[in-house]
Amino acid sequence: MAFVRFLSGIGELFALNAQTLASGLLMTLKLTVYSLILAFFIGIIFGMMSVSKNKILLGISKVYVYIIRG
């Protein structure tokens, strides 16, 4: 019986805050997509730099990878 009241309380909590929860979920999904796109392009740029014959670009790429990987 107490468990049913508990579930009812959770349902009411979600119902009262559904708009705020949906807004937060949408913002989280947007940030995730933007981050994936940014990470993809950063990866492409530094990947191309790591196979470059230019020593400066290669050095920058190695330092970046060393810092990111730890």
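Tell me the per residue accessible area of the chain using a 1.4 Å probe; a whole number in Å² is fine.
Per-residue value: 91 Å².
How much mean residue ellipticity at 222 nm does the chain get from its helices, if each DSSP H run of length 4 or more adds -39500 (n - 2.57) and you divide by all residues, to the nearest 500 deg cm²/dmol?
It lands at -31000 deg cm²/dmol.
Explain nothing, just compute: Karplus ³J(HN,Hα) = 6.51 cos²θ - 1.76 cosθ + 1.60, θ = phi - 60°, for every residue of the stretch 36-45 in order, whole Hz, x for Gly and Pro.
After applying 6.51 cos²θ - 1.76 cosθ + 1.60, I find 5, 5, 4, 5, 4, 5, 5, x, 5, 4 Hz.
How many percent of the accessible area of the chain is carbon or sulfur, using a 1.4 Å probe?
75 percent
What are the principal axis extents of the Cα atoms in the chain, in Å, biggest first?
70, 23, 12
In the stretch 8-39, whose amide N lies under 18 Å from the spot 7 Å out along Cα-to-Cβ of I68? List them in ranges.
32-39
What ranking of S52, S23 comes out by heavy-atom accessible area, probe 1.4 Å, highest first?
S23, S52
Compute the length gained on full extension between I56 and A2: take 0.36 nm times their separation in residues and subtract their Cα-Cα distance, giving the result in nm to one decimal.
12.7 nm
The values are calculated or read from the model by the stated rules, or taken from the named source; none is laboratory data. Predicted model only: the values in this text are computed from it and were never measured. Because the Cβ atoms are built from the backbone with ideal geometry, glycine has one as well, and the counts that use them run over all protein chains shown. Side chains are part of the model used for accessible areas, which takes the heavy atoms of the whole protein and leaves out ligands, DNA and RNA. Shrake-Rupley method; radii C 1.70, N 1.55, O 1.52, S 1.80 Å.
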